[in-house]
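As C-alpha coordinates, the structure follows; a few thoughts come after it.
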(Lines give C-alpha, C1' and ligand atoms only; values in the text may rest on other atoms or scores of the structure.)
Protein backbone atom coordinates (compact mmCIF):
# COMPACT_ATOMS: atom_id res chain seq x y z
CA UNK A 1 0.00 0.00 0.00
CA UNK A 2 1.26 3.49 -0.84
CA UNK A 3 -0.07 6.88 0.18
CA UNK A 4 1.31 9.86 -1.75
CA UNK A 5 4.29 7.69 -2.67
CA UNK A 6 4.99 6.60 0.92
CA UNK A 7 5.03 2.84 1.50
CA UNK A 8 2.68 1.67 4.25
CA UNK A 9 4.25 -1.53 5.48
CA UNK A 10 2.06 -4.57 6.05
CA UNK A 11 2.63 -4.75 9.77
CA UNK A 12 0.91 -3.84 13.00
CA UNK A 13 1.32 -1.93 16.24
CA UNK A 14 1.04 -4.06 19.33
CA UNK A 15 -0.65 -2.39 22.30
CA UNK A 16 -1.61 -3.22 25.85
CA UNK A 17 -4.59 -2.84 28.12
CA UNK A 18 -4.27 -0.02 30.64
CA UNK A 19 -6.41 1.77 33.19
CA UNK A 20 -7.18 5.37 32.34
CA UNK A 21 -8.53 8.47 34.06
CA UNK A 22 -9.56 11.78 32.57
CA UNK A 23 -8.94 14.81 34.74
CA UNK A 24 -10.48 18.20 34.11
CA UNK A 25 -8.52 21.10 35.54
CA UNK A 26 -10.19 24.50 35.55
CA UNK A 27 -8.77 27.85 36.54
CA UNK A 28 -9.40 31.56 36.35
CA UNK A 29 -8.03 31.48 32.81
CA UNK A 30 -6.51 29.09 30.32
CA UNK A 31 -2.98 30.11 31.30
CA UNK A 32 -3.31 28.82 34.86
CA UNK A 33 -5.22 25.71 33.83
CA UNK A 34 -2.38 24.91 31.44
CA UNK A 35 0.23 25.67 34.08
CA UNK A 36 -1.29 22.99 36.31
CA UNK A 37 -1.83 20.55 33.44
CA UNK A 38 1.74 20.83 32.21
CA UNK A 39 3.11 20.05 35.66
CA UNK A 40 0.56 17.27 36.10
CA UNK A 41 1.71 15.58 32.92
CA UNK A 42 5.42 16.06 33.55
CA UNK A 43 7.65 12.98 33.64
CA UNK A 44 4.86 10.73 32.41
CA UNK A 45 6.10 9.42 29.08
CA UNK A 46 6.22 5.70 29.74
CA UNK A 47 5.15 3.30 32.46
CA UNK A 48 8.56 1.70 32.13
CA UNK A 49 10.07 4.29 34.46
CA UNK A 50 7.40 6.91 35.17
CA UNK A 51 4.75 4.52 36.56
CA UNK A 52 2.17 6.22 34.35
CA UNK A 53 1.67 7.92 31.00
CA UNK A 54 -0.09 11.24 30.75
CA UNK A 55 -0.59 14.22 28.48
CA UNK A 56 -3.00 17.00 27.72
CA UNK A 57 -5.98 15.76 25.75
CA UNK A 58 -7.41 19.15 24.81
CA UNK A 59 -8.43 22.58 25.97
CA UNK A 60 -11.99 22.99 27.21
CA UNK A 61 -14.20 26.01 26.82
CA UNK A 62 -16.20 27.24 29.84
CA UNK A 63 -19.28 25.55 28.34
CA UNK A 64 -17.56 22.19 28.69
CA UNK A 65 -16.40 22.42 32.30
CA UNK A 66 -18.39 21.77 35.47
CA UNK A 67 -17.78 25.25 36.88
CA UNK A 68 -18.03 27.32 33.68
CA UNK A 69 -14.36 28.26 33.71
CA UNK A 70 -11.67 27.64 31.10
CA UNK A 71 -10.18 24.21 31.51
CA UNK A 72 -7.92 21.50 30.25
CA UNK A 73 -8.60 17.78 30.00
CA UNK A 74 -5.74 15.48 30.80
CA UNK A 75 -5.57 11.72 30.31
CA UNK A 76 -3.52 9.54 32.63
CA UNK A 77 -2.82 5.84 32.07
CA UNK A 78 -1.43 3.25 34.47
CA UNK A 79 -1.11 -0.52 34.45
CA UNK A 80 -3.68 -1.18 37.19
CA UNK A 81 -6.41 0.61 39.11
CA UNK A 82 -4.40 0.82 42.33
CA UNK A 83 -1.51 2.45 40.52
CA UNK A 84 -3.85 4.83 38.77
CA UNK A 85 -5.31 5.94 42.09
CA UNK A 86 -1.86 6.51 43.59
CA UNK A 87 -0.65 8.54 40.64
CA UNK A 88 -3.75 10.72 40.80
CA UNK A 89 -3.23 11.42 44.50
CA UNK A 90 0.42 12.31 43.91
CA UNK A 91 -0.09 14.40 40.83
CA UNK A 92 -3.29 16.23 41.77
CA UNK A 93 -1.81 16.87 45.21
CA UNK A 94 1.50 18.22 43.96
CA UNK A 95 0.54 19.99 40.77
CA UNK A 96 -3.14 21.01 40.82
CA UNK A 97 -3.71 21.65 44.52
CA UNK A 98 -0.59 23.80 44.49
CA UNK A 99 -1.52 25.87 41.43
CA UNK A 100 -3.33 29.19 42.00
CA UNK A 101 -7.08 29.35 41.26
CA UNK A 102 -7.48 25.75 40.07
CA UNK A 103 -10.24 23.24 40.71
CA UNK A 104 -10.12 19.57 39.73
CA UNK A 105 -12.96 17.43 38.36
CA UNK A 106 -13.55 13.93 37.04
CA UNK A 107 -13.62 13.84 33.26
CA UNK A 108 -15.19 10.37 32.99
CA UNK A 109 -18.47 10.76 34.88
CA UNK A 110 -20.79 7.81 34.99
CA UNK A 111 -18.15 5.07 34.86
CA UNK A 112 -18.88 2.47 37.54
CA UNK A 113 -15.25 1.83 38.47
CA UNK A 114 -13.90 4.66 40.63
CA UNK A 115 -10.79 5.74 42.49
CA UNK A 116 -10.99 8.35 45.22
CA UNK A 117 -8.04 10.75 45.16
CA UNK A 118 -10.20 13.57 46.50
CA UNK A 119 -10.95 11.60 49.63
CA UNK A 120 -7.24 11.12 50.22
CA UNK A 121 -6.32 14.71 49.44
CA UNK A 122 -8.96 16.15 51.77
CA UNK A 123 -6.74 15.58 54.80
CA UNK A 124 -4.45 18.33 53.59
CA UNK A 125 -7.20 20.51 55.01
CA UNK A 126 -6.22 19.39 58.52
CA UNK A 127 -9.86 18.98 59.56
CA UNK A 128 -10.77 22.43 58.24
CA UNK A 129 -11.95 20.82 55.01
CA UNK A 130 -15.62 20.34 54.27
CA UNK A 131 -17.53 18.31 51.73
CA UNK A 132 -20.51 19.13 49.56
CA UNK A 133 -22.65 16.99 47.29
CA UNK A 134 -23.72 18.51 43.98
CA UNK A 135 -25.71 16.46 41.51
CA UNK A 136 -24.98 13.28 43.41
CA UNK A 137 -21.21 13.80 43.35
CA UNK A 138 -19.18 14.63 46.43
CA UNK A 139 -16.65 17.44 46.32
CA UNK A 140 -14.08 18.49 48.90
CA UNK A 141 -13.42 22.11 49.77
CA UNK A 142 -9.88 22.38 51.07
CA UNK A 143 -8.83 25.75 52.52
CA UNK A 144 -5.69 27.11 50.85
CA UNK A 145 -3.97 30.46 50.93
CA UNK A 146 -5.76 31.94 47.91
CA UNK A 147 -9.16 30.70 49.06
CA UNK A 148 -10.29 27.14 48.51
CA UNK A 149 -9.21 24.20 46.40
CA UNK A 150 -12.22 22.29 45.14
CA UNK A 151 -11.63 18.66 44.16
CA UNK A 152 -14.08 15.95 43.23
CA UNK A 153 -13.92 12.98 45.54
CA UNK A 154 -13.96 10.18 42.99
CA UNK A 155 -12.75 9.79 39.43
CA UNK A 156 -13.96 7.29 36.85
CA UNK A 157 -11.62 4.52 35.72
CA UNK A 158 -11.75 3.41 32.10
CA UNK A 159 -10.80 -0.24 32.44
CA UNK A 160 -10.61 -0.67 28.68
CA UNK A 161 -7.93 1.94 28.14
CA UNK A 162 -5.16 1.07 25.70
CA UNK A 163 -1.53 2.08 25.73
CA UNK A 164 1.10 1.66 23.05
CA UNK A 165 -0.62 2.23 19.75
CA UNK A 166 2.18 3.45 17.50
CA UNK A 167 3.70 3.95 14.11
CA UNK A 168 7.17 4.67 12.83
CA UNK A 169 8.15 7.29 10.29
CA UNK A 170 11.04 6.05 8.16
CA UNK A 171 12.57 9.13 6.56
CA UNK A 172 15.38 9.94 4.16
CA UNK A 173 16.84 12.49 6.55
CA UNK A 174 16.32 13.87 10.05
CA UNK A 175 14.69 17.10 8.89
CA UNK A 176 12.10 15.31 6.77
CA UNK A 177 11.35 12.85 9.55
CA UNK A 178 10.90 15.59 12.12
CA UNK A 179 8.69 17.64 9.80
CA UNK A 180 6.51 14.61 9.14
CA UNK A 181 6.27 13.83 12.85
CA UNK A 182 5.34 17.43 13.65
CA UNK A 183 2.65 17.39 10.98
CA UNK A 184 1.28 14.11 12.31
CA UNK A 185 1.14 15.37 15.89
CA UNK A 186 -0.51 18.61 14.84
CA UNK A 187 -3.15 16.67 12.92
CA UNK A 188 -4.31 14.78 16.01
CA UNK A 189 -3.72 17.34 18.72
CA UNK A 190 -6.92 17.87 20.67
CA UNK A 191 -8.53 14.61 19.55
CA UNK A 192 -10.93 13.46 22.28
CA UNK A 193 -9.89 10.30 24.07
CA UNK A 194 -6.31 10.10 22.78
CA UNK A 195 -2.93 11.36 23.94
CA UNK A 196 0.62 11.14 22.70
CA UNK A 197 2.59 10.95 25.96
CA UNK A 198 6.12 11.58 24.69
CA UNK A 199 7.86 14.96 24.32
CA UNK A 200 6.06 16.94 21.65
CA UNK A 201 4.18 13.72 20.92
CA UNK A 202 7.27 12.09 19.37
CA UNK A 203 9.73 9.37 20.44
CA UNK A 204 13.20 8.99 19.00
CA UNK A 205 14.27 6.19 21.35
CA UNK A 206 11.93 3.41 20.37
CA UNK A 207 12.63 0.36 22.49
CA UNK A 208 12.54 -3.40 22.35
CA UNK A 209 11.73 -5.68 25.28
CA UNK A 210 14.83 -6.55 27.34
CA UNK A 211 18.38 -6.22 26.06
CA UNK A 212 20.95 -8.34 24.28
CA UNK A 213 23.85 -7.39 26.49
CA UNK A 214 22.35 -6.58 29.91
CA UNK A 215 20.18 -9.09 31.71
CA UNK A 216 18.54 -6.60 34.08
CA UNK A 217 17.31 -4.17 31.44
CA UNK A 218 13.52 -4.06 30.98
CA UNK A 219 13.86 -2.29 27.67
CA UNK A 220 16.68 -1.22 25.39
CA UNK A 221 17.16 0.55 22.10
CA UNK A 222 15.21 -0.79 19.16
CA UNK A 223 18.36 -1.56 17.19
CA UNK A 224 16.43 -2.89 14.21
CA UNK A 225 15.23 0.67 13.55
CA UNK A 226 18.47 2.54 14.34
CA UNK A 227 19.94 3.78 11.04
CA UNK A 228 23.48 3.76 12.42
CA UNK A 229 23.20 0.02 13.02
CA UNK A 230 21.77 -0.85 9.64
CA UNK A 231 24.78 -2.96 8.71
CA UNK A 232 25.67 -4.24 12.17
CA UNK A 233 22.38 -5.67 13.42
CA UNK A 234 19.36 -7.46 12.01
CA UNK A 235 18.02 -4.20 10.63
CA UNK A 236 14.46 -3.49 9.52
CA UNK A 237 15.64 -0.50 7.49
CA UNK A 238 16.37 -0.34 3.83
CA UNK A 239 19.13 1.70 2.27
CA UNK A 240 18.19 5.39 2.09
CA UNK A 241 16.40 5.47 5.42
CA UNK A 242 18.51 7.70 7.64
CA UNK A 243 16.12 8.76 10.42
CA UNK A 244 13.24 7.09 12.23
CA UNK A 245 10.76 8.67 14.62
CA UNK A 246 7.87 7.04 16.46
CA UNK A 247 4.49 8.32 17.54
CA UNK A 248 2.94 6.51 20.51
CA UNK A 249 -0.81 6.69 21.18
CA UNK A 250 -2.67 5.98 24.41
CA UNK A 251 -6.43 6.04 24.18
CA UNK A 252 -9.68 5.43 25.99
CA UNK A 253 -10.72 2.92 23.31
CA UNK A 254 -9.35 0.99 20.31
CA UNK A 255 -11.55 3.06 17.99
CA UNK A 256 -10.09 6.31 19.32
CA UNK A 257 -6.55 5.05 18.72
CA UNK A 258 -7.31 3.68 15.24
CA UNK A 259 -8.93 6.92 14.20
CA UNK A 260 -6.06 9.04 15.52
CA UNK A 261 -3.43 6.78 13.92
CA UNK A 262 -5.14 7.04 10.56
CA UNK A 263 -5.28 10.84 10.74
CA UNK A 264 -1.66 11.08 11.88
CA UNK A 265 -0.34 8.65 9.24
CA UNK A 266 -2.11 10.59 6.49
CA UNK A 267 -0.44 13.77 7.72
CA UNK A 268 2.95 12.07 7.96
CA UNK A 269 2.94 10.87 4.34
CA UNK A 270 4.89 13.73 2.82
CA UNK A 271 8.07 14.30 0.82
CA UNK A 272 11.19 12.83 2.34
CA UNK A 273 9.32 9.98 4.03
CA UNK A 274 10.08 6.55 2.59
CA UNK A 275 7.77 4.35 4.63
CA UNK A 276 5.46 4.03 7.61
CA UNK A 277 6.03 1.02 9.83
CA UNK A 278 4.93 0.04 13.34
CA UNK A 279 6.39 -1.44 16.49
CA UNK A 280 5.38 -4.85 17.72
CA UNK A 281 6.76 -7.80 19.66
CA UNK A 282 5.59 -10.49 17.30
CA UNK A 283 2.01 -10.25 18.49
CA UNK A 284 2.44 -12.42 21.56
CA UNK A 285 2.59 -9.76 24.28
CA UNK A 286 -0.09 -7.16 23.69
CA UNK A 287 -3.71 -8.13 23.05
CA UNK A 288 -4.44 -5.13 20.81
CA UNK A 289 -3.08 -5.18 17.27
CA UNK A 290 -3.47 -2.12 15.06
CA UNK A 291 -2.80 -3.29 11.51
CA UNK A 292 -1.65 -0.40 9.38
CA UNK A 293 -3.32 -1.63 6.20
CA UNK A 294 -6.62 -2.10 7.98
CA UNK A 295 -6.41 1.33 9.59
CA UNK A 296 -5.52 3.00 6.31
CA UNK A 297 -8.05 1.04 4.26
CA UNK A 298 -9.32 3.21 1.45
CA UNK A 299 -6.76 5.95 1.99
CA UNK A 300 -4.27 4.92 -0.69
CA UNK B 1 -45.77 1.04 34.36
CA UNK B 2 -46.00 4.65 33.11
CA UNK B 3 -43.46 7.34 32.41
CA UNK B 4 -45.13 9.58 34.96
CA UNK B 5 -47.85 9.40 37.56
CA UNK B 6 -49.99 12.52 37.33
CA UNK B 7 -52.17 13.77 40.17
CA UNK B 8 -54.67 16.37 38.99
CA UNK B 9 -56.52 18.29 41.68
CA UNK B 10 -60.25 18.15 40.93
CA UNK B 11 -61.26 21.38 42.63
CA UNK B 12 -59.89 23.83 45.14
CA UNK B 13 -59.08 22.53 48.61
CA UNK B 14 -61.47 23.80 51.30
CA UNK B 15 -59.04 23.23 54.14
CA UNK B 16 -55.62 21.87 54.94
CA UNK B 17 -54.96 18.52 53.30
CA UNK B 18 -52.17 16.46 54.84
CA UNK B 19 -50.76 13.57 52.86
CA UNK B 20 -48.30 10.77 53.49
CA UNK B 21 -46.36 8.85 50.91
CA UNK B 22 -46.66 11.21 47.95
CA UNK B 23 -43.08 10.43 46.97
CA UNK B 24 -41.30 9.16 43.90
CA UNK B 25 -39.93 6.08 45.59
CA UNK B 26 -43.36 5.08 46.95
CA UNK B 27 -45.21 5.68 43.69
CA UNK B 28 -42.65 3.60 41.81
CA UNK B 29 -44.08 0.53 43.53
CA UNK B 30 -47.79 1.38 43.49
CA UNK B 31 -50.58 0.81 40.99
CA UNK B 32 -53.13 3.48 40.09
CA UNK B 33 -55.72 2.16 42.52
CA UNK B 34 -53.21 1.88 45.37
CA UNK B 35 -52.11 5.46 44.82
CA UNK B 36 -55.71 6.65 44.91
CA UNK B 37 -56.24 4.92 48.26
CA UNK B 38 -53.21 6.43 49.98
CA UNK B 39 -54.26 8.03 53.27
CA UNK B 40 -54.91 11.74 53.55
CA UNK B 41 -56.41 13.96 56.20
CA UNK B 42 -58.64 16.94 55.60
CA UNK B 43 -58.33 18.60 58.97
CA UNK B 44 -59.20 15.80 61.41
CA UNK B 45 -61.18 13.84 58.82
CA UNK B 46 -59.53 10.75 57.34
CA UNK B 47 -59.74 10.57 53.59
CA UNK B 48 -57.97 9.12 50.57
CA UNK B 49 -55.79 10.78 47.99
CA UNK B 50 -58.25 9.77 45.29
CA UNK B 51 -60.97 11.82 46.99
CA UNK B 52 -59.22 14.96 45.80
CA UNK B 53 -57.12 13.98 42.82
CA UNK B 54 -57.55 12.19 39.54
CA UNK B 55 -54.72 9.70 39.28
CA UNK B 56 -53.23 8.86 35.90
CA UNK B 57 -50.36 6.41 35.54
CA UNK B 58 -48.75 3.94 37.90
CA UNK B 59 -45.49 2.40 39.05
CA UNK B 60 -43.32 5.37 38.14
CA UNK B 61 -40.85 7.28 40.28
CA UNK B 62 -41.71 10.44 38.38
CA UNK B 63 -44.71 12.24 39.88
CA UNK B 64 -46.43 15.30 38.47
CA UNK B 65 -48.89 17.27 40.56
CA UNK B 66 -51.27 19.62 38.78
CA UNK B 67 -53.42 22.28 40.44
CA UNK B 68 -52.94 24.71 43.31
CA UNK B 69 -51.85 22.52 46.21
CA UNK B 70 -50.75 25.35 48.46
CA UNK B 71 -53.06 23.93 51.14
CA UNK B 72 -51.65 20.45 50.77
CA UNK B 73 -48.96 19.77 53.37
CA UNK B 74 -46.11 17.27 53.54
CA UNK B 75 -45.70 16.71 49.84
CA UNK B 76 -42.69 14.46 49.22
CA UNK B 77 -42.08 14.16 52.96
CA UNK B 78 -39.55 11.43 53.66
CA UNK B 79 -38.88 10.84 49.97
CA UNK B 80 -35.84 8.63 49.33
CA UNK B 81 -35.75 8.71 45.54
CA UNK B 82 -37.55 9.63 42.35
CA UNK B 83 -38.89 13.01 41.37
CA UNK B 84 -41.93 15.02 42.39
CA UNK B 85 -42.79 17.94 40.15
CA UNK B 86 -45.38 20.40 41.46
CA UNK B 87 -46.71 22.60 38.68
CA UNK B 88 -48.11 25.24 41.03
CA UNK B 89 -47.65 26.21 44.69
CA UNK B 90 -47.03 23.72 47.49
CA UNK B 91 -48.04 23.88 51.13
CA UNK B 92 -46.11 23.58 54.38
CA UNK B 93 -43.48 20.96 55.13
CA UNK B 94 -42.87 20.01 51.52
CA UNK B 95 -39.86 17.71 51.36
CA UNK B 96 -39.91 17.30 55.12
CA UNK B 97 -37.05 15.02 56.20
CA UNK B 98 -36.38 14.13 52.58
CA UNK B 99 -33.54 11.65 52.09
CA UNK B 100 -33.16 11.50 48.31
CA UNK B 101 -34.63 12.33 44.94
CA UNK B 102 -35.76 15.66 43.58
CA UNK B 103 -38.67 17.87 44.59
CA UNK B 104 -39.29 20.61 42.04
CA UNK B 105 -41.92 23.24 42.89
CA UNK B 106 -42.68 25.70 40.13
CA UNK B 107 -44.58 28.07 42.43
CA UNK B 108 -44.14 28.99 46.08
CA UNK B 109 -43.57 26.69 49.03
CA UNK B 110 -44.91 27.12 52.54
CA UNK B 111 -43.15 26.96 55.90
CA UNK B 112 -40.56 24.37 56.97
CA UNK B 113 -39.51 23.43 53.46
CA UNK B 114 -37.12 20.45 53.75
CA UNK B 115 -37.11 20.81 57.50
CA UNK B 116 -37.35 18.22 60.31
CA UNK B 117 -40.39 16.44 61.66
CA UNK B 118 -41.55 17.70 65.03
CA UNK B 119 -39.08 16.61 67.69
CA UNK B 120 -36.61 15.13 65.19
CA UNK B 121 -32.95 16.06 65.50
CA UNK B 122 -32.35 16.25 61.78
CA UNK B 123 -34.35 17.30 58.77
CA UNK B 124 -33.47 16.61 55.21
CA UNK B 125 -30.67 14.06 54.82
CA UNK B 126 -30.29 14.00 51.05
CA UNK B 127 -31.74 14.91 47.69
CA UNK B 128 -32.54 18.24 46.11
CA UNK B 129 -35.43 20.66 46.56
CA UNK B 130 -35.83 23.37 43.95
CA UNK B 131 -38.46 26.07 44.44
CA UNK B 132 -38.89 28.47 41.57
CA UNK B 133 -40.99 30.85 43.69
CA UNK B 134 -40.53 31.84 47.32
CA UNK B 135 -40.61 29.81 50.53
CA UNK B 136 -41.88 30.45 54.02
CA UNK B 137 -40.26 30.32 57.43
CA UNK B 138 -37.72 27.78 58.63
CA UNK B 139 -36.66 26.60 55.19
CA UNK B 140 -33.96 23.92 55.48
CA UNK B 141 -34.18 23.89 59.28
CA UNK B 142 -32.08 21.10 60.83
CA UNK B 143 -30.95 19.92 57.38
CA UNK B 144 -28.29 17.25 57.71
CA UNK B 145 -27.43 16.83 54.02
CA UNK B 146 -28.88 17.82 50.71
CA UNK B 147 -29.60 20.93 48.75
CA UNK B 148 -32.48 23.39 49.05
CA UNK B 149 -32.71 26.11 46.41
CA UNK B 150 -35.24 28.93 46.44
CA UNK B 151 -35.39 31.24 43.45
CA UNK B 152 -37.35 33.85 45.36
CA UNK B 153 -37.24 34.95 48.97
CA UNK B 154 -37.31 32.82 52.10
CA UNK B 155 -38.97 33.66 55.40
CA UNK B 156 -37.53 34.00 58.87
CA UNK B 157 -35.34 31.45 60.62
CA UNK B 158 -34.04 29.88 57.43
CA UNK B 159 -31.50 27.12 57.97
CA UNK B 160 -32.15 27.15 61.71
CA UNK B 161 -29.99 24.58 63.52
CA UNK B 162 -28.72 23.32 60.20
CA UNK B 163 -26.33 20.39 60.71
CA UNK B 164 -24.86 20.43 57.19
CA UNK B 165 -26.13 20.76 53.63
CA UNK B 166 -26.75 23.90 51.63
CA UNK B 167 -29.54 26.46 51.27
CA UNK B 168 -29.34 28.74 48.24
CA UNK B 169 -31.58 31.82 48.22
CA UNK B 170 -31.78 34.04 45.16
CA UNK B 171 -34.19 36.50 46.76
CA UNK B 172 -34.13 38.16 50.13
CA UNK B 173 -33.35 35.95 53.13
CA UNK B 174 -35.58 36.59 56.16
CA UNK B 175 -34.58 37.39 59.73
CA UNK B 176 -32.31 35.25 61.90
CA UNK B 177 -30.81 33.04 59.17
CA UNK B 178 -28.52 30.20 60.12
CA UNK B 179 -29.20 30.47 63.82
CA UNK B 180 -27.56 27.52 65.59
CA UNK B 181 -26.05 26.23 62.35
CA UNK B 182 -23.28 23.69 62.87
CA UNK B 183 -21.74 23.08 59.45
CA UNK B 184 -24.40 24.20 57.05
CA UNK B 185 -24.01 26.66 54.20
CA UNK B 186 -26.31 29.48 53.17
CA UNK B 187 -25.59 31.00 49.77
CA UNK B 188 -27.36 34.36 49.90
CA UNK B 189 -27.72 36.02 46.51
CA UNK B 190 -30.51 38.51 47.14
CA UNK B 191 -29.61 40.24 50.36
CA UNK B 192 -29.29 39.00 53.91
CA UNK B 193 -28.95 40.49 57.37
CA UNK B 194 -26.09 38.47 58.75
CA UNK B 195 -26.66 37.66 62.43
CA UNK B 196 -24.23 39.12 64.96
CA UNK B 197 -23.23 35.59 65.87
CA UNK B 198 -21.42 35.26 62.53
CA UNK B 199 -18.04 36.84 61.75
CA UNK B 200 -16.69 37.98 58.42
CA UNK B 201 -13.75 35.74 57.48
CA UNK B 202 -12.87 37.06 54.04
CA UNK B 203 -14.18 38.20 50.68
CA UNK B 204 -13.36 35.76 47.88
CA UNK B 205 -14.68 33.71 44.98
CA UNK B 206 -15.80 30.39 46.42
CA UNK B 207 -15.31 27.67 43.80
CA UNK B 208 -18.12 25.70 45.41
CA UNK B 209 -20.64 28.47 44.73
CA UNK B 210 -19.51 28.62 41.12
CA UNK B 211 -19.87 24.87 40.67
CA UNK B 212 -23.26 24.85 42.35
CA UNK B 213 -24.66 27.75 40.33
CA UNK B 214 -23.41 26.21 37.10
CA UNK B 215 -25.11 22.97 38.06
CA UNK B 216 -28.41 24.75 38.75
CA UNK B 217 -28.21 26.57 35.44
CA UNK B 218 -27.49 23.47 33.40
CA UNK B 219 -29.49 20.87 35.25
CA UNK B 220 -32.60 22.83 36.16
CA UNK B 221 -32.43 25.60 33.58
CA UNK B 222 -32.40 28.25 36.29
CA UNK B 223 -31.55 31.75 35.16
CA UNK B 224 -28.25 32.53 36.82
CA UNK B 225 -26.72 35.97 36.40
CA UNK B 226 -23.12 35.67 35.18
CA UNK B 227 -22.21 38.21 37.85
CA UNK B 228 -23.14 35.62 40.47
CA UNK B 229 -20.72 33.15 38.90
CA UNK B 230 -17.88 35.61 38.57
CA UNK B 231 -18.60 37.70 41.64
CA UNK B 232 -17.09 38.09 45.06
CA UNK B 233 -18.67 36.62 48.17
CA UNK B 234 -18.28 37.52 51.83
CA UNK B 235 -17.71 34.44 53.90
CA UNK B 236 -19.30 34.78 57.32
CA UNK B 237 -18.54 31.99 59.80
CA UNK B 238 -20.79 30.98 62.68
CA UNK B 239 -22.97 30.33 64.48
CA UNK B 240 -21.25 31.40 67.68
CA UNK B 241 -23.48 29.19 69.80
CA UNK B 242 -22.41 26.13 67.82
CA UNK B 243 -19.01 24.81 66.67
CA UNK B 244 -18.75 27.77 64.31
CA UNK B 245 -18.35 25.68 61.21
CA UNK B 246 -21.45 27.03 59.56
CA UNK B 247 -21.12 29.63 56.84
CA UNK B 248 -23.03 32.31 55.03
CA UNK B 249 -21.69 33.08 51.56
CA UNK B 250 -23.09 36.51 50.81
CA UNK B 251 -22.86 37.69 47.24
CA UNK B 252 -21.26 41.12 47.43
CA UNK B 253 -23.23 42.56 44.50
CA UNK B 254 -26.63 41.60 45.95
CA UNK B 255 -29.08 44.46 45.59
CA UNK B 256 -26.96 46.51 43.19
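The values are calculated or read from the model by the stated rules, or taken from the named source; none is laboratory data. Here the structure is a predicted model, which means the values were calculated and not measured. Note: ideal-geometry Cβ built from the backbone for every residue, glycine included; neighbour counts use all protein chains shown.
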Condition met for residue B:99 (at pLDDT 95 or above, touching a strand residue (DSSP E or B) at 6+ places or on another chain (Cβ under 9 Å), part of a loop (DSSP other than H, G, I, E, B) and surrounded by 22 or more Cβ atoms within 10 Å (Cβ to Cβ))
no
Of the residues that sit in region A:108-142 and are within 19 Å of residue A:89 (Cβ to Cβ) and out of contact with any strand residue (DSSP E or B) (no Cβ under 7 Å at 6 or more places or on another chain), which one is nearest to the other protein chains (Cβ to nearest Cβ)?
A:127
Given (1) away from every other protein chain (no Cβ under 12 Å); (2) more than 30 Å from residue A:292 (Cβ to Cβ); (3) in a strand (DSSP E or B), number of the condition residue A:105 does not satisfy:
(1)
Hits in region A:52-85 (condition: away from chain B (no Cβ under 14 Å) and farther than 16 Å from residue A:23 by Cβ)
A:79, A:80, A:82
Given the criteria touching a residue at least 24 places away in the same chain (Cβ under 8 Å), in contact with a strand residue (DSSP E or B) (Cβ under 7 Å, 6 or more places away or on another chain), within 14 Å of chain A (Cβ to nearest Cβ) and more than 11 Å from residue B:98 (Cβ to Cβ), does residue B:162 qualify?
yes
Just one listed residue, out of B:24, B:50, B:67, is more than 22 Å from residue B:102 (Cα to Cα) and buried (at least 17 other Cβ atoms within 10 Å of the Cβ), and it is B:50
I'd like the full set of residues that are at the interface with chain A (Cβ under 7 Å from one of its Cβ atoms), part of a helix (DSSP H, G or I) and either out of contact with any helix residue (DSSP H, G or I) (no Cβ under 6 Å at 6 or more places or on another chain) or within 13 Å of residue B:248 (Cα to Cα) (or both), limited to region B:202-217.
B:207, B:208, B:211, B:212, B:214, B:215
Can you spot a residue in region B:3-20 that is assigned to a loop (DSSP other than H, G, I, E, B) and buried (at least 18 other Cβ atoms within 10 Å of the Cβ)?
no
In region A:149-171, the residues that are touching a helix residue (DSSP H, G or I) at 6+ places or on another chain (Cβ under 6 Å) and within 14 Å of chain B (Cβ to nearest Cβ):
A:150, A:151, A:152, A:153
Which residues, counting only those in region B:170-200, are within 10 Å of chain A (Cβ to nearest Cβ) and part of a strand (DSSP E or B)?
B:185
Inside region A:228-262, can you point out the residues that are buried (at least 16 other Cβ atoms within 10 Å of the Cβ), outside any loop (DSSP other than H, G, I, E, B) and over 16 Å from the mean Cα position of the chain (by Cα)?
A:243, A:244, A:245, A:262
Every listed condition ((1) loosely packed, with under 15 Cβ neighbours inside 10 Å; (2) within 17 Å of the chain's Cα centre (by Cα); (3) without any contact (Cβ under 8 Å) to a residue 40 or more places away in the chain; (4) assigned to a helix (DSSP H, G or I)) holds for residue A:205 save (4)
Sole miss for residue B:9 among (1) closer than 20 Å to residue B:82 by Cα; (2) modelled with pLDDT of 95 or more; (3) within 23 Å of the chain's Cα centre (by Cα) is condition (1)
In region A:251-272, what residues are under 22 Å from residue A:17 (Cβ atoms) and in contact with a strand residue (DSSP E or B) (Cβ under 7 Å, 6 or more places away or on another chain)?
A:251, A:252, A:253, A:254, A:256, A:257, A:258, A:260, A:261, A:264
State all residues of region B:21-39 that are more than 14 Å from residue B:52 (Cβ to Cβ) and in a loop (DSSP other than H, G, I, E, B); if no residue qualifies, say none.
B:21, B:23, B:28, B:29, B:30, B:31
Find the residue count for region B:225-256, including only residues that are assigned to a loop (DSSP other than H, G, I, E, B) and either crowded, with 20+ Cβ neighbours inside 10 Å or more than 9 Å from chain A (Cβ to nearest Cβ) (or both).
14
